[in-house]
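Data block below; observations after.
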Amino acid sequence: TPVYAHGMSRKFRRWVDEYQDQAWTLARYLLKDPAEAEDACQEAFVKLWRNQDRIDPERIRPWLMKVTRNVCLDRLRRRHPTEEWEEWQQPEDGAVWIQPGPLQDLQQHELGEWLKHSINGLTEPYRSLVVLRDVQQHSYEEVANVLELSLTQVKVYLHRARKQLREQLAEVRP
């Protein structure tokens, strides 16, 4: 009936409003290209639209993050099938991917720039772990679901990723 379809449409629009920024941020970190990140997000939301009646409403966010990541990884494989994609250059547009609080102090700004650069230098799955858990504040369980890892693996890999970031920070500190 039209009322049911209208309700589904409203529910879907709410999901888009609620999760589009998180999906785009993840795609942006992985693809390093804003236009391609937008395309990847659209592809993920089309999949959400097609599968919305099969997904537990309580699991929409982890499902969407997982699909977004998979779409991005597929695009990366097609783009550079023989290269290690974690070695690609950073974007040149200077976009801020982490949603920071007010960065009034120059040192904080430089630290934020360093952090973005360092996160981009991490290999997978470390980069996705840091973005999902530390940048976007997903629960450990959601991260495990998105990355198809056990809870223990998430914690161990996240520890390793954070250790790499700390070691990089120690190298740049005077």
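The values are calculated or read from the model by the stated rules, or taken from the named source; none is laboratory data. No experiment lies behind these values; they were computed from the predicted model shown. All Cβ positions, even for glycine, are placed from backbone atoms using ideal geometry, and neighbour counts span all protein chains on display. Protein only, heavy atoms only, side chains kept; ligands, DNA and RNA dropped before computing areas. Shrake-Rupley method; radii C 1.70, N 1.55, O 1.52, S 1.80 Å.
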Q | Residues of segment 50-73 classified as assigned to a helix (DSSP H, G or I) and open to solvent by 70 Å² or more (accessible area, probe 1.4 Å), total | A | 6
Q. Are any residues in segment 145-154 surrounded by fewer than 16 Cβ atoms within 10 Å (Cβ to Cβ) and assigned to a helix (DSSP H, G or I), and if so, which ones?
A. LEU151, THR152, GLN153
**Q.** Number of positions in segment 122-142 that are under 20 Å from LEU76 (Cβ atoms), in contact (Cβ under 8 Å) with a residue 40 or more places away in the chain and part of a helix (DSSP H, G or I)
**A.** 5
Q. What is the residue count in segment 147-174 for residues that are at pLDDT below 85 and either closer than 25 Å to ARG59 by Cα or not aliphatic (A, V, I, L, M) (or both)?
A. 6
Q | Which numbered condition GLN89 misses (of (1) surrounded by fewer than 17 Cβ atoms within 10 Å (Cβ to Cβ); (2) at pLDDT 85 or above; (3) assigned to a loop (DSSP other than H, G, I, E, B)) | A | (2)
